[in-house]
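FYI, it's all coordinate maths here, none of it is from the lab. These figures come from a predicted structure and were not determined experimentally. Glycine gets a Cβ as well: all are built from the backbone with ideal geometry, and neighbour counts include every protein chain shown.
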């Protein structure tokens, strides 16, 4: 698997990124199980040196190369500086990663990445690692997880959008944004608009009137790492990623011409999918009013 070799077969996968606690590792575990049931050979690669005990088996773990506690202890760095150093160390030892990935050829690879935002907005090390993976014929898409409860606070939602845009520009990979923990969203407040407003990122000027009125999290609780494991939601994410990294157009699975054309033009997108999630996890304003009237 020489660097830049055209003889190297294509490998497909996802780099799973997002803020700390957004559910990246849980997503990797759920997606691994989901894709395995579809018959894909899946491997999880842990690139987070702070994640010393991943809950699911990893085919490759950066802990074999460097760990955050060791760096902090030996160099006297804090968690943030230590994590940046670990990513620079990984970049400098790209041969180690390349050699370990040789055994995973033929697998669909899920890269579980660290949660430090700076790594995806302006620091170069992890971006350069992704670029190396591309040279080794990995066709990747970035799956950016964001806690859905940010939708309940207009200020934080706008901040998340800016961070996501900065990440998309800096990482330079096909990008799929995913709202995680949708089943917990109403624990943090009511949505000002229907869910499709947030998933489609419509006119943000509508949020101006809500910026001053929405309170900060009054009932902030410990963040639950549970990701919505709704199979239909997982299928929607899988389809979006398959189109983003080109897997839909490969020969890994049998596909009809109709299926390929559907993927190419996006005909398999259904607006009803967002409405279905809304109905399942978000109480409608009309229903809330009816319940208030009944209480009276």
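So if we plug the beta-carbon distance of residue 103 and residue 190 into 1/(1 + (r/R0)^6) with R0 = 30 Å, what FRET efficiency do we get, rounded to 0.05?
Efficiency for this residue pair is about 0.05.
When a/c reaches 1.5 or more, the comparison of a/b and b/c decides; with that in mind, is the range 1-154 rounded, prolate or oblate per its Cα gyration tensor?
The shape class here is oblate.
Quick one: plug the Kirkwood hydrodynamic radius of the range 52-108 (C-alpha pairs) into Stokes-Einstein at 25 °C, 0.890 mPa s, and report D in µm²/s.
Taking Rh from Cα pairs, D becomes 195 µm²/s.
Give, as ranges by residue number, the residues of the range 55-70 whose backbone N falls under 20 Å from the point 7 Å along Cα→Cβ of residue 36.
Correct set: 55-62.
Peptides 9-16, 168-175: what's the order by average Cβ count within 10 Å, highest mean first? Don't skip to the end; give the middle numbers.
On the way: 9-16: 20.8, 168-175: 17.0.
Ranking, from highest mean packing down: 9-16, 168-175.
Using Cβ contacts closer than 10 Å as the measure, can you line up 248, 180, 41 from fewest to most?
41, 248, 180
Provide, as a two-decimal number, the C-alpha radius of gyration of the range 80-164 over 2.2 N^0.38 Å, N being how many residues it has.
Ratio of Cα Rg to 2.2 N^0.38 Å: 1.29.
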